[in-house]
Structure formats: structure tokens, C-alpha cells
Amino acid sequence: MLKTRIIPCLDVKDGRTVKGINFVDLRDAGDPVALAKAYDAQGADELCFLDITASHEGRGTMLDVVRRTAEQCFMPLTVGGGVRSAADLVQLLRSGADKVAINSAAVANPAVIAECAAKGGSQAVVVAIDARKSGDSWEIFTHGGRQPTGIDAVEFAAEAERRGAGEILLTSMDKDGTKSGYDIPLLKAITETVSIPVVASGGAGSAQDLAPAVLEGGANAVLAASIFHFGEVTLAEARQALADAGAPVRPFET
Amino acid sequence: MTTLALIDYGSGNLHSAERALRAAASLAGSDIVIDVTSNAGRVARADRIVLPGVGHFADCAAGLRAVDGMTDALEAAVISGGKPFLGICVGMQLMAEWGLEDGKTRGLGWIAGDVRRIEPDEGLAVPHMGWNGLVLQQDHPVLKNLGDDPHVYFTHSYAMVPANQADIAATADYGGPITAAVARDNLFGTQFHPEKSQRVGLRLLANFLNWDPS
């Protein structure tokens, strides 16, 4: 049986992790490669790097981070942030990413999704959707959640699948940072519409928040940042909480 | 000195496979030389051969056939020469007779059967993406010592359907059994990605490096 993936997500700027990170026994918690290794050892099912670097020079730094991580961690790695074209995707895949998340560029020009799928295969293309409740539906926001688009999130998810996305990374802008749990109605609306896997993101505040995203929301994977980085929840606790609630997880012995 | 030819024909997981094979060699205590090559002559002379592959069956088949002399060298080394062979993901699918992804594309024809789109029931997502348990169907040296309930990383929408059940080395349960590994004689193939499957994957690769099918 396929297991629920638990995915720690690291924000990286100019080659350094940005959110405060409190990791026991780690000499340099600002080094994304060291953190990736720590999560690898704890049995994370996949890692996600989100590049929030603004400058052009920083892009090369990110490729180096990806390369050094892939040299040491034999696990799936998704990289997103600032991906504009199929050429960007190819560069990241060559550096060692397994999947590349496209956000603003896919919303601005959905044809990019098909171009990326043609170059890297659908399994390498993740479309990242940042959505906020608007009346009875959800609207997509881009540029780190600052820019409204007027585009319906559910309709766009269906279009992303049609154009060759292999996965949806769905972040609730209403829930992100609140630590009040994932946005279950949003997850349900998307997972009932598409047949590709959906990763839940935004709102995890405790280990108990993870299972509802899977069991009620229909997500295939749960992504979280601060609860793992601050040591509030270990990967082992996350696995246990999911298993206790009835969501299957991968057996892992540290 | 023994060498392993890791075939470079533009596949996306080439470097991941290279890094994992180097780590596996260290784990296996092997001093095998990992030769990443698109040179048919070097493949013909290698002691072991690994064919990676991700993405589209037809693209990979075309990419492999575009490398001068490569399919002939593979045929000579693997089928006539009996060298241990490992295919990973689409590299494994290419061992089949036919791929049915967007039309019908001829594979290497080493394992009787087709590669077909997976159509799980129960509203399961496609691609089959993530960690799934291996159900061993053969007592095979490459599948030894993987631990209790070994899990490996899959990401695929198509899977091999071998004509002979005996060629299936392992399955995974995804709304029914799907082919996770195939094996016959000196041939081994994994639908999953050992290079992305942490300790279980490295152990499997180390087993392959030590495997003597003769």
C-alpha cells in the first residue's frame, strides 16, 4: 500500500535557510545541506527546497545547494521558487532535483506546464498553487501570496493536470502560518477534482494536524516547515500520529 | 579491476544513479569503477551494466537507439555475454517487448510483455508516487537483506505487465498488484528508484554489485 509522504520544506535564500531553525545536534542550522542530511537520517519521505532568492547570482547558489544535497541524500528532492521556464526545470533536474515546482510562471502562462512536462516528464512537474478563500470558492494568489489573479484554484488545478502536471502542491494562504491545521475544505475541493497526487501545505501546527489532510482532505502527502524546524514535532512523532489516526506511513528505524 | 557501465543517453536520473552506485560500492566493499558512458565499445567491455531512465518510454527508446551502436552492444554484452544487467524505471521498462505510452514503441524485447498505463481502482491517484512496500515474488540475491517490510520510492504512470509471471521478482500493492521488479537469468529491473530509496535502495544496489548470476 502506498504510504503518506511527510515532507519537510526549507526556505532557502542565497544558499542559507531563512526561517529560524532550532535543530538539536546541528552545528550549522543555516546550512540547508546539513538540515537535509538531518531530515534524511530521521526518515523524511521527501524534501522540499523553496528558493526565495531574488537575485540572479543567488540562482547559481541554489543549484549548488541542490547538487550538494543530492550527493549526500538518497531521497526524493523537490525544488521550487522562481522557476520560469522549461530551461530552469532542466537545470534543476540536472543538478539533482527529482521534481520542480512551478508557481507564478504556470499561472501567468499555463503552456509552461506542458513545456516542462515535455522536457522532464510529468513526474518531474509539480504545479504549486497558493489559494485563498473568496466567497464560495478559492482564488489563486501569486508572487508569494501577494498578488490576486482572479483565477479559480479548483479550475486551475484541473487545467494543470490536463497540461501534464504530475502533482499539485496546494498551499492555503488563509491557513499558512496560523498553526491551526490544514485547510480541509480546500483540499477536498481539489483532490475530488484531479486524479494526480496532491501535497497539503499551510497550517500544520502539531502532529495531530497531519492526518486530517490525508483522511478527510484526500492529500497524498503532508508538507510542513516550522513544526519540524523548531523541533516541535519530530519525524518519528509525525509518523506515529499519522499511523495512530489510520493514515499509512512508511516503517522507518533510525 | 572490474567496471560498471552506467549508460548515458540523456536520462534525467543519470547523476542520481551514479552517486547512489558509488555509495553502494562503498557499502558493498567493492572497488568497481563506475563508468558513465555513451560509448558502445565501453559498454561492450564492461563487467556490469546499468540502464537508468525517467519520463517517457518512446523518448527513452528513441534516445537509446540514437546512440551509435548502443543497442547492438547491449544485446551482445547482456544477452549473448550474460553480463549482470540492471534497468531502473524506464530503463527497466525498456526490457519489455512493447511500450504502450502514446502509441506502440518497440522495447529491447528481453522480457516478454508490454508496458501499460496503470489504472488502479478505488480512485487512487496516477502517477503512483511515493513510498510503497515491496512484496517479494522471487527469492533473489538482489533482493536479499532489505530488512523487514522494505519500502521503496516509486514515481510512474506506466508499469510492465510481463507475459510470464515467473519473470516478476517483486510487486507493490496499488489497487492490486503492480510489477515492482522483474528478474530472469542475468537480467534485473526495478520500476522504483533505488537511487532515491535511502538505505533500502543502497542495499539493493550493493546486492547488484555483488551479484553473480552465472
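Helix-only estimate, please: 222 nm mean residue ellipticity of chain A, summing -39500 (n - 2.57) across DSSP H runs of length 4 or more and dividing by its residues, to the nearest 500.
So the calculated ellipticity at 222 nm is -10500 deg cm²/dmol.
Would you mind calculating the gained length between B:Leu100 and B:Ala112 on full extension (0.36 nm times residue separation, minus the Cα-Cα distance), in nm to one decimal?
2.9 nm
Can you show me the helix-derived [θ] at 222 nm for chain B, built from DSSP H runs with n ≥ 4 at -39,500 (n - 2.57) apiece and divided by the number of residues, rounded to the nearest 500. List each step's numbers first, then the result.
On the way: 6 runs with 52 residues, N = 214.
Mean residue ellipticity at 222 nm (helix-derived): -7000 deg cm²/dmol.
About the Cα centre of the stretch A:5-245, what is the dipole size in debye to 20, counting +1 per Lys and Arg Cβ and -1 per Asp and Glu Cβ, all else neutral?
My answer is approximately 460 debye.
Considering the dipole of the stretch B:43-188 built from charges on the beta carbon (Lys and Arg +1, Asp and Glu -1) around the Cα centre, which of B:His151, B:Pro141, B:Ala76 is farthest to its positive end?
B:Ala76
What total accessible surface area, summed over both chains, is buried at the interface between chains A and B, computed with a 1.4 Å probe and given in Å² to the nearest 100? All intermediate terms of the calculation are to be shown ahead of the outcome.
On the way: alone 11020 and 9270 Å², together 17860 Å².
Buried area between the two chains comes out at roughly 2400 Å².
Hey, can you list the residues from the stretch B:198-214 whose accessible area shrinks by 40 Å² or more with all protein chains present, relative to the chain by itself (probe 1.4 Å, no ligands or nucleic acids)?
With the partner chains in place, the stretch B:198-214 has these residues losing at least 40 Å²: B:Gln198, B:Arg199.
How do A:Ser122, B:Ser16, B:Ser80 stack up against each other in accessible area, from largest to smallest, with a 1.4 angstrom probe?
B:Ser80, A:Ser122, B:Ser16
Could you size up the charge dipole of the protein assembly as shown around its Cα centre, putting +1 on the beta carbon of Lys and Arg and -1 on that of Asp and Glu, and report it in debye to the nearest 20?
740
Using all alpha carbons of the protein assembly as shown, what is the percent of pairwise distances in each 10 Å bin, ordered from the shortest bin to the longest?
Taking all Cα pairs of the protein assembly as shown, the binned fractions are 4, 22, 32, 26, 12, 3, 0 percent.
Just going by the charge dipole of the protein assembly as shown, with Lys and Arg at +1 and Asp and Glu at -1 on Cβ, which of B:Asn164, A:Gln147, A:Cys116 is farthest out on the positive end?
A:Cys116
Just how many % of Cα pairs in chain B lie over 30 Å apart, if you round to the nearest whole percent?
Value for chain B: 13 percent of Cα pairs lie more than 30 Å apart.
Quick one: the Cα spread of the stretch A:97-254 along its three principal axes, in angstroms, biggest first?
Over the stretch A:97-254, Cα extents along the principal axes are 42, 36, 28 Å.
Please list, or write none, the aspartates and glutamates whose alpha carbon is within less than 12 Å of the alpha carbon of B:Lys83, excluding same-chain residues fewer than 8 places away.
Output for B:Lys83: B:Asp47, B:Glu75, B:Asp185, B:Asp212.
Quote to one decimal, in nm, the extra length available between B:Asp47 and B:Ser26 on full extension: 0.36 nm per residue of separation minus the C-alpha distance between them.
5.8 nm
Starting from the 7 Å offset along Cα-to-Cβ, what nm value, one decimal, do you get for the label separation of A:Met1 and A:Ile52?
3.7
Could you compute the FRET efficiency for A:Glu237 and A:Gln72, with r as their C-beta to C-beta distance and R0 at 30 Å, rounded to 0.05? If you can, show how the numbers build up before the last one.
On the way: r = 24 Å, r/R0 = 0.81.
Result of the calculation: an efficiency of 0.75.
Taking 25 Å as R0, compute the FRET efficiency from the Cβ-Cβ separation of B:Glu119 and A:Ala118 and round it to 0.05.
0.60
Just how large is the dipole of the stretch B:16-63 about the Cα centre, in debye to the nearest 20, putting +1 at every Lys and Arg Cβ and -1 at every Asp and Glu Cβ?
It works out to roughly 60 debye.
Can you compute the modelled spin-label distance between B:His140 and A:Arg84, with each label point 7 Å from Cα toward Cβ, in nm?
Computed distance between label sites B:His140 and A:Arg84 equals 4.6 nm.
Within a Cβ distance under 11 Å of B:Gly176, other residues only, what is the Lys/Arg minus Asp/Glu net charge?
Result for the local shell: -4.
Residues of the stretch A:159-186 with amide nitrogen under 20 Å from the 7 Å Cα-to-Cβ point of A:Glu216?
Answer for this model: A:170-186.
Taking accessible area as the heavy-atom solvent-accessible surface of the protein chains with a 1.4 Å probe, which residues of the stretch B:116-134 lose no less than 40 Å² upon going from the isolated chain to the full protein assembly?
B:Ala125, B:Pro127, B:Met129, B:Trp131
Which peptide among A:171-183, B:188-200 comes first, and what is the full order, when sorted by highest mean count of other Cβ atoms within 10 Å?
Going by the mean number of other Cβ atoms within 10 Å, highest first, we get B:188-200, A:171-183.
Quick one: what are the phi-derived ³J(HN,Hα) couplings along the stretch A:166-181, Karplus 6.51/-1.76/1.60 with θ = phi - 60°, whole Hz, x for glycine and proline?
Along the stretch A:166-181, the couplings run x, 6, 10, 9, 9, 10, 8, 6, 5, 9, 4, x, 8, 6, 10, x Hz.
Among the lysines, which have Cα under 20 Å from the Cα of A:Lys3 when same-chain residues fewer than 8 positions away are ignored?
Partners found: A:Lys99, A:Lys188, B:Lys196.
Could you provide, to the nearest whole Å², the per residue accessible area of the stretch A:5-245 with probe 1.4 Å?
Value for the stretch A:5-245: 38 Å² per residue.
Using the scaling law 2.2 N^0.38 Å as the reference, what is the normalised Cα Rg of the stretch A:46-87?
Scaled against compact globular proteins, the figure is 1.17.
Quick one: ranking B:Glu119, A:Glu139, A:Glu46 by accessible area, 1.4 Å probe, largest first, what do you get?
I get B:Glu119, A:Glu139, A:Glu46, largest accessible area first.
The values are calculated or read from the model by the stated rules, or taken from the named source; none is laboratory data. Computed from a prediction, not measured in an experiment: that's the story for all the values here. A quick note on method: Cβ atoms are made from the backbone with ideal geometry, for glycine too, and the neighbour counts reach across all protein chains shown. For the accessible areas, the whole protein counts, side chains as well, though only heavy atoms, and no ligand, DNA or RNA atoms are used. Shrake-Rupley method; radii C 1.70, N 1.55, O 1.52, S 1.80 Å.
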